[in-house]
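Novice: One structure, pasted below without further comment.
The values are calculated or read from the model by the stated rules, or taken from the named source; none is laboratory data. No experiment lies behind these values; they were computed from the predicted model shown. So basically every Cβ, Gly included, is an ideal-geometry build from the backbone, and we count neighbours across all protein chains shown.
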Amino acid sequence: MHISRRRFMITAASLASATLLSDESRADVTAVSETDPTAEALGYKRDATRVDKAKYPKYVAGQACVNCQLYQGKPGASTGPCPIYGGKLVDSRGWCSAYVKKN
Ligand code: SF4
């Protein structure tokens, strides 16, 4: 009985640290915030229709991360990594001034 309780405690502790580790690794792929300094400098918006058109006249309706060459999201995913932001997640409907039309 004593041994199985001890084994239970070890298993529980291992599970707890595995959970912590997975939470930490998930923290590496956080979403880009619009208030992130790089995002602010490049005018990133999670919703491309909210782009400041006066400040970014090169923005054309229909442009979005999902059709940007730099976007690395999987087809159909709502977010995907962008190398401009160190691989953080951008919204597939987002836009920033580093946009490059996908061919
Ligand atoms: Fe979106 Fe492209 Fe800007 Fe990255 S570089 S945030 S994919 S528009």
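Novice: Does the stretch 41-51 hold any residues that are within 10 Å of the ligand (Cβ to nearest atom), closer than 15 Å to Ala31 by Cα and part of a loop (DSSP other than H, G, I, E, B), and which are they?
Specialist: Result: Tyr44, Arg46.
Novice: Tell me, which residue of the stretch 61-81 that is touching a Ser or Thr at 6+ places or on another chain (Cβ under 7 Å) and assigned to a helix (DSSP H, G or I) is surrounded by the fewest Cβ atoms within 10 Å (Cβ to Cβ)?
Specialist: By that ranking, first place goes to Val66.
Novice: Which pairs turn up if I take residues in the stretch 74-103 that are within 8 Å of the ligand (Cβ to nearest atom) and look for partners that are at pLDDT below 95 with beta carbon separation below 6 Å, at least 6 apart in sequence or on another chain?
Specialist: Once the first residue is within 8 Å of the ligand (Cβ to nearest atom) and sits in the stretch 74-103, no partner that is at pLDDT below 95 comes close enough.
For every residue, the table says whether it meets (1) under 14 Å from Val29 (Cα atoms); (2) hydroxyl-bearing (Ser, Thr, Tyr); (3) surrounded by 15 or more Cβ atoms within 10 Å (Cβ to Cβ); (4) in contact with a helix residue (DSSP H, G or I) (Cβ under 9 Å, 6 or more places away or on another chain).
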site: Lys53; (1), (2), (3), (4): no, no, no, no
site: Tyr59; (1), (2), (3), (4): no, yes, yes, yes
site: Pro83; (1), (2), (3), (4): yes, no, no, no
site: Ser92; (1), (2), (3), (4): no, yes, yes, yes
site: Trp95; (1), (2), (3), (4): no, no, yes, yes
